[in-house]
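Let me begin by presenting the structure, written as structure tokens, before commenting on it.
The values are calculated or read from the model by the stated rules, or taken from the named source; none is laboratory data. Quick caveat, the model's predicted, so the values are computed rather than measured. All Cβ positions, even for glycine, are placed from backbone atoms using ideal geometry, and neighbour counts span all protein chains on display.
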Amino acid sequence: MFINVQHISMDAPNNRRPGIAMEPEYLTIHSTANPDSTAQNERDWLINPSNTRTASWHLVVDDKEVIEAIPQNEVAWHAGDGRKGTGNKKSISIEICESNDREKTIINAVKLSAKILHERKWGIDRLKRHYDWSGKHCPRILECNNWSGWENFKIMVSKELEELSISTWAKEAVDWATSSEINITDGTKPKESITLERMITILYRYDKLIQKK
Ligand SMILES: [Zn+2]
């Protein structure tokens, strides 16, 4: 999943990028509560002179793309739990757009969330709502009735996370195949069916390796 990096500058108005180093422990989900705003619109709003709020976020996702506005190892002001709050000081934030094709947007948000959890070796327990930090009715797009949308979102992220993970029985072999000495596959999408060209390439690389020995 491609992340379009468009960081706002350190001197962005209203302290939106304070530049405070962060070692994140959670991933917090929001939605924009704006049915007309795309990911690019949201990113542009962060540097729009008529925006007088301090609020900011790390990543925004819509039905077409993901944009990163603040690096994931810096604090953004999104959780409403204050300057020392765990939500603000220890969590990466994703804004989900409410514009255009919501079904596609949710799928992109699921993939992005799973990617971040997977890369950081985090379980689904690290996934939080804005609501969990400060009681705000957010992410509104996932509320439906009594947060059933949120429960469903967590199930979808768990499934995607499972897709990205290596099964215990295969781990030793995958570690071998992806090690720097062997390097016959990059090991991505481990649960996906293999195409003929991918299989032939792996065999070819292995054959080269044997001939070198
Ligand atoms: Zn929010």
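General remarks:
- Contacts under 8 angstrom Cβ, first residue in the stretch 27-52 being closer than 19 Å to G135 by Cα and touching a residue at least 24 places away in the same chain (Cβ under 8 Å), partner part of a strand (DSSP E or B) and more than 15 Å from the ligand (Cβ to nearest atom), 6 or more apart: none
- Those residues of the stretch 140-166 which are away from the ligand (no atom under 16 Å from the Cβ) and acidic (D, E), in sequence order: E151, E160, E162, E163
- Unique residue being closer than 30 Å to W77 by Cα, in contact with a His (Cβ under 8 Å, 6 or more places away or on another chain), in the same structural domain as N108 (by TED's automatic domain parsing) and within 16 Å of the ligand (Cβ to nearest atom) when the list is H137, H130: H130
- Inter-residue pairs, beta-carbon under 6 Å, first more than 11 Å from the ligand (Cβ to nearest atom) and among the β-branched types (V, I, T) and in the stretch 69-98, second at pLDDT 95 or above and part of a strand (DSSP E or B), 6+ apart: I92/L27
- Qualifying residue in the stretch 102-110 (condition: within 23 Å of E23 (Cα to Cα) and within 16 Å of the ligand (Cβ to nearest atom)): yes
- Test: residue in the stretch 18-27 that is touching a Cys at 6+ places or on another chain (Cβ under 9 Å) and either at positive phi or among the aliphatic types (A, V, I, L, M) (or both): no
- Within the stretch 4-26, the residues that satisfy the criterion of being of a type in the set (D, E) and either touching a residue at least 60 places away in the same chain (Cβ under 8 Å) or surrounded by 14 or more Cβ atoms within 10 Å (Cβ to Cβ) (or both) are E23, E25.
Yes/no matrix, rows are residues, columns are (1) farther than 28 Å from S113 by Cα; (2) at pLDDT below 90; (3) in the same structural domain as D125 (by TED's automatic domain parsing):
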{"site": "E172", "(1), (2), (3)": "no, no, no"}
{"site": "S179", "(1), (2), (3)": "no, no, no"}
{"site": "N183", "(1), (2), (3)": "no, no, no"}
{"site": "T188", "(1), (2), (3)": "no, yes, no"}
{"site": "E192", "(1), (2), (3)": "no, yes, no"}
{"site": "M199", "(1), (2), (3)": "yes, no, no"}
{"site": "L203", "(1), (2), (3)": "yes, no, no"}
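- No other residue among R129, R120, R102, R83 is under 14 Å from H30 (Cβ atoms) and basic (K, R) apart from R129.
- When residues of the stretch 114-132 are limited to those that are part of a helix (DSSP H, G or I) and in contact with a strand residue (DSSP E or B) (Cβ under 6 Å, 6 or more places away or on another chain), the one farthest from S148 (Cα to Cα): I116
- Test: residue in the stretch 168-177 that is within 16 Å of the ligand (Cβ to nearest atom), part of a helix (DSSP H, G or I) and either without any contact (Cβ under 8 Å) to a residue 60 or more places away in the chain or among the small types (G, A, S) (or both): no
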